[in-house]
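Peer 1: Just dropping this structure here.
The values are calculated or read from the model by the stated rules, or taken from the named source; none is laboratory data. Computed from a predicted structure; not experimentally measured. Glycine gets a Cβ as well: all are built from the backbone with ideal geometry, and neighbour counts include every protein chain shown.
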Amino acid sequence: MKSPWMSVWCGVMACGLMAPMRGIAQPAVPKAIPVEEVKKSEDPKKIERLQVYLDREGFPPGQIDGKWGEFTGKALKRLQMHRNGVAANAAVDLPTDFDVFTEYTVKEEDFSQVGEVGATPEEQSKQKSSPYPTMVHFLKERFHCDGDYLRKLNPGLNMDALKAGDVVRVPNVTPFLVEKLKVKDRIQPKPQFQKRMLRVDTKEKMLDVMENGKVLAAFPITPGSESLPAPVGTWEIETMTTLPLFRRDESMLKTGVRSDVYHLIPPGPSSAVGVLWMQLNKKGIGIHGTNNSETIGRAASHGCIRLANWDAVRLSEMVTDKVVVEIMEGVGG
């Protein structure tokens with residue numbers, strides 16, 4: 001059975017940022033586990049399967065960790081809406097004929113993405129790039145999972161001393177190829193996506209990609225903070241930038257007022273804005289990645305809307321300039 005998500009993702013696959021791994025079987029509809037059974041279960045194997053399935057279908061649950069949590073439930077709810085047009089009690093069966101895990105062989109070139117990261121903005125501003133601090137950070141982003149969970153999957157490996165040739169067990173998702181990203185001040189517009197819109201629910205801490213009233217995809221987010229919340233209202237995307245240079249201005253971050261005291265943080269996954277910036281037509285406000293995916297949905301942002309780096313790149317492949325962004329406090333449904 002062809003996944004309804006595959007038609008949406010053809011552009012992503014073509015660009016090569018989220019490339020399939022060899023030997024990965026596509027989800028099908030064989031014998032299935034009723035999702036209600038998974039929700040009631042404490043069996044991590046069933047929850048792992050659900051989380052990997054949600055991620056593969058374009059409704060990621062945040063970091064894959066094998067635990068039932070807030071964003072697994074919210075991702076499932078939106079997949080139900082996508083499949084059935086309704087949210088409550090819609091039936092979704094979980095396929096059992098795809099591998100939940102696969103293996104990844106660490107490559108010598110992977111270490112070019114790893115390096116020292118300054119402890120302060122001043123130190124960071126003196127670097128040429130903002131790389132991953134460790135190989136574990138590289139791998140957990142590549143395979144959309146929690147670092148401790150990755151260690152748990154590989155009890156026989158010294159994860160703090162990985163070397164080229166080591167084989168690591170990882171979730172079977174489309175890997176995030178950070179090395180394919182290039183510095184672009186403006187991503188080329190994609191007119192075919194002009195009618196889409198982004199619906200941001202600051203209460204649910206979810207971002208939905210919509211088209212003709214239907215949910216195409218959904219992502220966990222951090223939407224601002226109590227002191228500087230994401231601005232409720234109707235906005236639009238002005239431009240999108242990959243590997244942005246981040247102007248870190250403490251006054252802007254804390255009060256929303258720009259100052260002359262700042263540090264320029266070089267591009268890379270350890271930048272506070274991650275690997276992608278979508279500028280909205282609201283000064284200083286954007287949708288962006290992060291250097292700390294563990295905090296998505298849990299810690300405060302500074303007025304902006306923050307996603308995990310791999311989700312930020314996915315999102316950028318589904319929208320274009322001038323797409324409407326509706327920020328609401330509670331969407332319902």
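Quick grid of which residues meet (1) surrounded by 15 or more Cβ atoms within 10 Å (Cβ to Cβ); (2) free of Cβ contacts under 8 Å to residues at least 24 places away in the same chain; (3) in contact with a Lys or Arg (Cβ under 8 Å, 6 or more places away or on another chain); (4) farther than 25 Å from F71 by Cα:
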{"position": "V114", "(1), (2), (3), (4)": "yes, no, no, yes"}
{"position": "P121", "(1), (2), (3), (4)": "yes, no, yes, yes"}
{"position": "N158", "(1), (2), (3), (4)": "no, yes, no, yes"}
{"position": "L162", "(1), (2), (3), (4)": "yes, no, no, yes"}
{"position": "V167", "(1), (2), (3), (4)": "no, no, no, yes"}
{"position": "F176", "(1), (2), (3), (4)": "yes, no, yes, no"}
{"position": "E179", "(1), (2), (3), (4)": "no, no, no, yes"}
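Peer 1: Can you name the residue in segment 241-255 that is at pLDDT 85 or above and among the polar types (S, T, N, Q) and is also farthest from the chain's Cα centre (by Cα) among such residues?
Peer 2: So, considering only residues that are at pLDDT 85 or above and among the polar types (S, T, N, Q), the one farthest from the chain's Cα centre (by Cα) is T241.
Peer 1: Is it fair to say T202 is buried (at least 20 other Cβ atoms within 10 Å of the Cβ) and either free of Cβ contacts under 8 Å to residues at least 40 places away in the same chain or within 16 Å of the chain's Cα centre (by Cα) (or both)?
Peer 2: no
Peer 1: Taking R306 as the residue in question, decide whether it is modelled with pLDDT of 80 or more, buried (at least 18 other Cβ atoms within 10 Å of the Cβ) and of a type in the set (D, E, K, R).
Peer 2: The answer is yes for R306.
Peer 1: Within segment 125-141, which residues are in a helix (DSSP H, G or I) and either of a type in the set (S, T, Y) or crowded, with 22+ Cβ neighbours inside 10 Å (or both)?
Peer 2: If the condition is that a residue be in a helix (DSSP H, G or I) and either of a type in the set (S, T, Y) or crowded, with 22+ Cβ neighbours inside 10 Å (or both), then S125, F138, L139, K140, E141 are the ones that fit.
Peer 1: Let me ask something else. Can you pull out the residues in segment 214-246 that are among the small types (G, A, S), part of a loop (DSSP other than H, G, I, E, B) and either closer than 29 Å to L54 by Cα or free of Cβ contacts under 8 Å to residues at least 24 places away in the same chain (or both)?
Peer 2: Of everything in segment 214-246, those that are among the small types (G, A, S), part of a loop (DSSP other than H, G, I, E, B) and either closer than 29 Å to L54 by Cα or free of Cβ contacts under 8 Å to residues at least 24 places away in the same chain (or both) turn out to be S225, A230.
Peer 1: Would you mind stating whether E250 is under 18 Å from I305 (Cβ atoms) and not small (G, A, S)?
Peer 2: Taking the combined requirement at face value, the residue does not satisfy it.
Peer 1: Taking segment 67-100 on its own, how many of its residues are surrounded by 14 or more Cβ atoms within 10 Å (Cβ to Cβ) and either part of a helix (DSSP H, G or I) or modelled with pLDDT of 85 or more (or both)?
Peer 2: Number of matching residues: 21.
Peer 1: Next question. Take segment 274-300 and flag every residue that is at pLDDT below 95 and among the aliphatic types (A, V, I, L, M).
Peer 2: I285, I296, A299, A300 - these are the residues of segment 274-300 that are at pLDDT below 95 and among the aliphatic types (A, V, I, L, M).
Peer 1: Something else: Given the conditions (1) surrounded by 14 or more Cβ atoms within 10 Å (Cβ to Cβ); (2) closer than 30 Å to E211 by Cβ, report the number of the one that Y149 does not fulfil.
Peer 2: Evaluating Y149 over (1) surrounded by 14 or more Cβ atoms within 10 Å (Cβ to Cβ); (2) closer than 30 Å to E211 by Cβ leaves (2) as the failure.
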